Amino acid sequence: MGGLFKMDYIINTFQGLINDSGFSSITYKNVIMIFVSCVLLYLAIKKDYEPLLLVPIAFGMLLVNLFPDIMAKPVYDASGELLTPGGLLHYFYLGDEYGIWPSLIFLGVGAMTDFGPLIANPSSLLLGAAAQVGIFAAYFGAILLGFEDGAAAAISIIGGADGPTSIFLASKLAPEYMGPIAVAAYSYMSLVPIIQPPIMRLLTTDKERTVKMEQLRNVSKIEKILFPIIVTIVVVLILPTTAPLVGMLMLGNLFRECGVVRQLTDISSNALMYIVVILLGTSVGATTSAEAFLNLATLKIVFLGLVAFIMGTASGVLFGKIMYKVSGGKINPLIGSAGVSAVPMAARVSQKVGTEYDRTNFLLMHAMGPNVAGVIGTAVVAGTFLAIFGQ
């Protein structure tokens, strides 16, 4: 009798362990998402595609599909007393939902970025603006595919190759699509060195690709200090909804250029930046549960993002060709591709393609002008969409 009791106890114990394990609730859709997360990890680790972003995003995707409750919201009773605390990544995600992490990422980007090339060559603002064509093309494409105005606007920002801005706008206008939008945006950012060069070669001639641009003038310290202050005043007065992104971007740059807060510059561009990337990446990845990600809307978002990114790159290069003609052959059209917001990767791609045709041609600093302009331009477009559809 005692042996039978022990056997029932052992069986019940093992049955309870099995029921409590992830094997009892995992579905084939979870398996697909786990596979996708492993592919992203492979691309990040083996191929070095934006590992600082893809590793935490992919691991967050892995965690939520193994243990969905890691994103569970807290449960309260009628009196407001906490019954069940939320999952760990739910609290990380609040920073995305309130726009905190994207704004802090912009602070770090500003602290790391030299706006000197843009100040030295203000015409590169036009290249940054031209590259935003992809965003508007994706917006109208999303409308045609059946998305509402706010969701279409959030999806279209993928074309700017700007992950933080995509997350910021999605959190305000289309939180239900934040996971697919964020994954698409960061995936295309990581694929900039693969997607852009064929487009650049297709749209330019050998003669245009070998143009050597004149060295940029030296930019004074006072210009670099005044630039973030003036841009903040002008842009935020015209479009107040840009304040969280443009304001943090310019504050970070002011830290860098004023020279009296080196500690803040170091923290913003290093420790704080990397901490926020961990929090943002894992929480964004955790929004890609099988139920939320594996559907027709996700395929549409991925497709629209690719189209937008291709068109943004192409429009930047084509406008660069116009500037090449207007300047009498002094502007290399390759720098137009850097008008998307992937800083500084897009500028490095311009440099890389240029040196393929002339090893003595150095386009990096020239490409940084439209690259920085693209960051500002994408933030302005996002602010415009937020002002129109955020009510």
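Does Ile267 qualify as being over 16 Å from Phe136 (Cα atoms), in a helix (DSSP H, G or I) and either modelled with pLDDT under 90 or not assigned by TED's automatic domain parsing to the domain that holds Gly60 (or both)?
In short, yes.
Based on what the data block shows, is Ala111 buried (at least 19 other Cβ atoms within 10 Å of the Cβ), of a type in the set (A, V, I, L, M, F, W, C) and either out of contact with any Pro (no Cβ under 7 Å at 6 or more places or on another chain) or under 30 Å from Ile376 (Cα atoms) (or both)?
Yes.
Based on what the data block shows, is Arg209 within 27 Å of the chain's Cα centre (by Cα) and of a type in the set (Lys, Arg)?
no
Please report, ordered by residue number, the helices (runs of 4 or more DSSP H) entirely within the stretch 1-69 with at least 3 residues that are modelled with pLDDT of 90 or more and touching a helix residue (DSSP H, G or I) at 6+ places or on another chain (Cβ under 6 Å).
Those helices (runs of 4 or more DSSP H) span 28-45, 51-66.
Being aliphatic (A, V, I, L, M), closer than 24 Å to Phe106 by Cβ and out of contact with any His (no Cβ under 8 Å at 6 or more places or on another chain) is the filter here; which residues of the stretch 312-362 pass it?
Ala338, Val340, Ala342, Val343, Met345, Ala346, Ala347, Val349
Please go through (1) touching a Pro at 6+ places or on another chain (Cβ under 7 Å); (2) farther than 22 Å from Gly141 by Cβ for Gly339 and return the number of the only condition it doesn't satisfy.
It is condition (2) that Gly339 fails.
A quick yes/no check of all residues on (1) among the β-branched types (Val, Ile, Thr); (2) at pLDDT 95 or above; (3) not assigned by TED's automatic domain parsing to the domain that holds Leu364:
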site: Ile225; (1), (2), (3): yes, yes, no
site: Ile229; (1), (2), (3): yes, yes, no
site: Ile233; (1), (2), (3): yes, yes, no
site: Leu245; (1), (2), (3): no, no, no
site: Met250; (1), (2), (3): no, yes, no
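Being at pLDDT 90 or above and touching an Asp or Glu at 6+ places or on another chain (Cβ under 7 Å) is the filter here; which residues of the stretch 70-94 pass it?
Gly87
State whether the residues of the stretch 256-271 include one that is within 27 Å of Thr384 (Cβ to Cβ) and of a type in the set (Val, Ile, Thr).
No, the stretch 256-271 contains no residue that is within 27 Å of Thr384 (Cβ to Cβ) and of a type in the set (Val, Ile, Thr).
Only one of (1) part of a loop (DSSP other than H, G, I, E, B); (2) touching a strand residue (DSSP E or B) at 6+ places or on another chain (Cβ under 7 Å); (3) not small (Gly, Ala, Ser) fails for Leu83. Which number is that?
Failing condition for Leu83: (1).
Taking the residues in the stretch 293-337 that are among the polar types (S, T, N, Q) and surrounded by fewer than 21 Cβ atoms within 10 Å (Cβ to Cβ) as candidates, determine which candidate is farthest from the chain's Cα centre (by Cα).
Ser327
Helices (runs of 4 or more DSSP H) wholly in the stretch 274-391 with at least 2 residues that are under 24 Å from Pro117 (Cα atoms) and not hydrophobic (A, V, I, L, M, F, W, C) - which ones?
Counting at least 2 such residues, we get 296-326, 345-357, 364-389.
Kindly evaluate Gly134 against the criterion of being surrounded by fewer than 18 Cβ atoms within 10 Å (Cβ to Cβ) and either over 29 Å from Val261 (Cβ atoms) or modelled with pLDDT of 90 or more (or both).
Answer is no for this residue.
Going through the stretch 91-120 one residue at a time, which ones are within 30 Å of Val326 (Cα to Cα) and out of contact with any His (no Cβ under 7 Å at 6 or more places or on another chain)?
Hits for the stretch 91-120 are Thr113, Asp114, Phe115, Gly116, Leu118, Ile119, Ala120.
The values are calculated or read from the model by the stated rules, or taken from the named source; none is laboratory data. Owing to the predicted nature of the structure, the values given are computational and were not obtained by experimental measurement. A quick note on method: Cβ atoms are made from the backbone with ideal geometry, for glycine too, and the neighbour counts reach across all protein chains shown.
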